[in-house]
1. Taking the conditions exactly as written (out of contact with any helix residue (DSSP H, G or I) (no Cβ under 6 Å at 6 or more places or on another chain), surrounded by fewer than 16 Cβ atoms within 10 Å (Cβ to Cβ) and touching a residue at least 24 places away in the same chain (Cβ under 8 Å)), does residue 39 satisfy them or not?
2. Got a sec? Which of 215, 230 is under 22 Å from residue 28 (Cα atoms), in contact (Cβ under 8 Å) with a residue 24 or more places away in the chain and within 20 Å of the chain's Cα centre (by Cα)?
3. From the list 6, 73, exactly one residue is more than 17 Å from residue 173 (Cβ to Cβ), surrounded by fewer than 19 Cβ atoms within 10 Å (Cβ to Cβ) and modelled with pLDDT under 90. Which is it?
4. Please enumerate the residues belonging to region 167-193 that are over 18 Å from residue 132 (Cα atoms) and part of a helix (DSSP H, G or I).
5. Taking the residues in region 252-277 that are touching a strand residue (DSSP E or B) at 6+ places or on another chain (Cβ under 7 Å) and not in a helix (DSSP H, G or I) as candidates, determine which candidate is modelled with the lowest pLDDT.
6. Output the number of the condition that residue 203 fails; it satisfies all remaining conditions of (1) farther than 21 Å from residue 61 by Cβ; (2) touching a helix residue (DSSP H, G or I) at 6+ places or on another chain (Cβ under 9 Å); (3) at pLDDT 95 or above.
């Protein structure tokens, strides 16, 4: 019996995006020539200078923007619109101030099918799921508090729970810890690490923090200046799960410095036609 390998979970095939037809006619693209293959359950991070197209890539990955050219497959299916199998969290937690923490976490189940049509009948079951998730991220005792009663780090934990409550196959994180202090940020790295280790959903993390990308990801991609394209793929060959102590090792800091060098070289080199190279 022949074996047919499963398709890549994320598959970008020569994807280009111009934000309107006039820009496309002028060959003015926000991202260009994006080829990306991501395995099931893989955690990737995307780094690069401001304005290079990282957030644009995220919108393409979740179906909020359609490519001008090229093709995107997620979980073996063409992306034709916003994905229901993904969850998203951003730098601003954006919790609704009139809802308690648990009610904020429940929000996707109230608006996304098939949960929406079952919400009233299964509310107790869904609420128990939300409370268990909040306990996992260290928010036991805060489930019935309002956002203004939570610290910034607590709000971001609740935001991640909201992104995961419908058990998505893919979590997209756009600078989720950028506004937090260093200690809180590292706490949340560990929480995200534990959730991913337990559930093995795919993660795409956009970040400016190179330490964050190396600590969390299986693979880090470096984007060039706009128009954004991937110029370096760096596999992070550090063992999982990773403890924070690894961030003080020579092996870890060498990788961080290597990535910083790639970004610095990209800023100096305005030629945006170099192919993506793989380093390990």
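1. When the stated conditions are applied, residue 39 passes them.
2. Exactly one of 215, 230 is under 22 Å from residue 28 (Cα atoms), in contact (Cβ under 8 Å) with a residue 24 or more places away in the chain and within 20 Å of the chain's Cα centre (by Cα), namely 230.
3. 6
4. 182, 183, 184, 185, 186, 187, 189
5. For region 252-277, the residue satisfying everything is 274.
6. Looking at each condition in turn, residue 203 falls short on (1).
For (1) closer than 30 Å to residue 153 by Cα; (2) surrounded by fewer than 18 Cβ atoms within 10 Å (Cβ to Cβ); (3) modelled with pLDDT under 90, each residue gets a yes or a no:
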position: 14; (1), (2), (3): no, yes, no
position: 22; (1), (2), (3): no, yes, yes
position: 32; (1), (2), (3): no, no, no
position: 80; (1), (2), (3): no, yes, no
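The values are calculated or read from the model by the stated rules, or taken from the named source; none is laboratory data. Values in this document were obtained by computation on a predicted structure and should not be read as measured data. When we count neighbours, we look across all protein chains shown, and the Cβ atoms used for this are built from the backbone with ideal geometry, even at glycine.
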